[in-house]
Amino acid sequence: MFKNPAFEADFGKQSPESTRQAMAAAMRGQPAQFVVPMFRIKGDTMRLDGAQKVEVNPDKAAVYPGSQFGAGSFSIIPVTEAMRFKMMLGEPMTARDAPDPVEFGGQVVVTHSVASALAIYHATGERAIVMPAFTPENMKAVAEFAKNTLMAKDIVVVPDNSHASRLAAREAAKAVDGKVAQIDYGPEQKNLLGVMAEARKWGNKLFPAPGNMLDEAKRDRSIQGAAKRTIRDPVLNAAKWDKVPIPTVTLTTVTLNNGRQIVAQRQPEAEVGR
C-alpha cells in the first residue's frame with residue numbers, strides 16, 4: 001500500500017472548495033495545483049498505489065515518490081469520505097466506498113487524462129463520476145471496472161486530442177457496450193481543460209473589463225454556454241460505440257529546416273497523465 005508523507009499532507013489540505021478555487025484559477029490562466037490519488041484494480045477492490053501532482057499554468061505533472069503506476073491504474077472524482085478515510089489508514093477500498101453511480105443517473109465518465117476529468121467535473125457542476133485512466137491503454141480496464149464493479153449502467157468514454165486516445169476510447173466503449181463522446185477539439189487543444197481555458201479567454205475578450213454586473217453576467221453566460229456546447233452536450237449526446245467511425249490519423253506534410261519533406265500527424269499528442 002502506498003504511503004508518502006508529502007502526498008498525505010497535500011491531499012489532506014485539498015477539499016472540494018479548494019478544488020473549485022483551483023479550477024477557477026486554472027480557467028483564468030493562473031497557476032493551480034491538483035493532487036490526484038492513483039488506484040489499482042485488484043479483483044473487486046481498489047488499492048491506493050500512488051498519487052500524481054498536476055500543475056497548470058505552467059503545465060506539469062509528476063508522480064509522488066513510491067508510486068507504482070502501471071496497467072489498470074486510474075483515479076476517481078469525486079473521492080468520497082469513506083475513500084479518504086481508508087486511504088489515510090492504508091486500507092483497501094471496495095465499490096461500496098466509491099461514489100454510487102445510482103446517485104448520478106447510473107452514469108460513469110471515463111477519460112484519458114486527469115485534465116479532461118477535472119474539466120468535465122467542473123463543467124457539469126460536480127454532478128458526475130469521472131474516472132481518468134492516465135493512459136489510453138488503461139481506458140478499457142477502467143471502463144470494465146465501472147461496469148462490472150461499480151455497476152454503472154451508462155458508460156461514456158471521452159478521449160483526449162490524439163489518435164491513440166480516440167482509438168482507445170472506442171475500444172474501451174466497445175468492451176462495455178458503452179458510448180464515445182465526440183469532442184470538437186481545436187488543433188492546439190490537448191484535452192478538455194484546454195478547451196475550457198480557451199472558452200474563458202474568449203469570454204474575457206468579449207467583455208475585457210466588465211463595468212457592471214450585467215456585463216459580468218454576460219461574460220459568465222458566454223463561458224457557461226461554451227462549457228455546455230463543448231463538454232456537457234457531447235457527453236449527454238454521446239453515440240454508442242458502434243455508431244462511431246474507427247478513428248483515422250490526419251496527416252500533413254512538414255518541411256524540415258534542410259528542405260526535406262516528411263509526412264507527420266497533424267493533431268498534437270496528449271501528454272500522459274494530463
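Residues that are surrounded by fewer than 23 Cβ atoms within 10 Å (Cβ to Cβ), touching a Gly at 6+ places or on another chain (Cβ under 8 Å), under 17 Å from LEU236 (Cβ atoms) and not hydroxyl-bearing (Ser, Thr, Tyr): does region 156-170 have at least one? No, region 156-170 contains no residue that is surrounded by fewer than 23 Cβ atoms within 10 Å (Cβ to Cβ), touching a Gly at 6+ places or on another chain (Cβ under 8 Å), under 17 Å from LEU236 (Cβ atoms) and not hydroxyl-bearing (Ser, Thr, Tyr).
Among what's in region 128-155 and is under 12 Å from the mean Cα position of the chain (by Cα) and hydrophobic (A, V, I, L, M, F, W, C), pick the residue that is surrounded by the fewest Cβ atoms within 10 Å (Cβ to Cβ). It comes out as ALA128.
Scanning region 32-49 for residues that are more than 18 Å from the chain's Cα centre (by Cα) and either open to solvent by 10 Å² or more (accessible area, probe 1.4 Å) or among the charged types (D, E, K, R) (or both) turns up ILE41, LYS42, GLY43, ASP44, THR45, ARG47, ASP49. Taking the condition in contact with a His (Cβ under 8 Å, 6 or more places away or on another chain) and either open to solvent by less than 80 Å² (accessible area, probe 1.4 Å) or among the small types (Gly, Ala, Ser) (or both), does MET23 pass? Criteria met by MET23. Of all residue pairs spaced 6 or more apart or on separate chains, those with beta-carbon atoms under 6 Å, a first member in region 135-148 that is under 20 Å from THR45 (Cβ atoms) and of a type in the set (Val, Ile, Thr) and a second member that is outside any helix (DSSP H, G or I) and open to solvent by less than 10 Å² (accessible area, probe 1.4 Å) are VAL142/PHE74; VAL142/VAL110; VAL142/MET131; VAL142/ALA133.
A residue that is more than 18 Å from VAL35 (Cβ to Cβ), assigned to a strand (DSSP E or B) and more than 14 Å from the chain's Cα centre (by Cα) can be found somewhere in region 106-120. The set of residues in region 51-63 being within 24 Å of VAL142 (Cα to Cα) and buried (at least 22 other Cβ atoms within 10 Å of the Cβ) consists of ALA51, GLN52, VAL54.
Any residue at all in region 233-240 that is part of a helix (DSSP H, G or I), at pLDDT below 70 and either loosely packed, with under 14 Cβ neighbours inside 10 Å or not small (Gly, Ala, Ser) (or both)? So far as region 233-240 goes, no, none of its residues is part of a helix (DSSP H, G or I), at pLDDT below 70 and either loosely packed, with under 14 Cβ neighbours inside 10 Å or not small (Gly, Ala, Ser) (or both).
Residues that are hydrophobic (A, V, I, L, M, F, W, C), at pLDDT 75 or above and either part of a helix (DSSP H, G or I) or buried (at least 18 other Cβ atoms within 10 Å of the Cβ) (or both) do occur in region 196-216, at least one of them.
The values are calculated or read from the model by the stated rules, or taken from the named source; none is laboratory data. In this text the structure is predicted, and so the values were computed from the model without any measurement. Virtual Cβ from ideal backbone geometry, glycine too; neighbours counted across all protein chains shown. These accessible areas exclude ligands, DNA and RNA; they are computed on the full protein's heavy atoms, side chains included. Shrake-Rupley method; radii C 1.70, N 1.55, O 1.52, S 1.80 Å.
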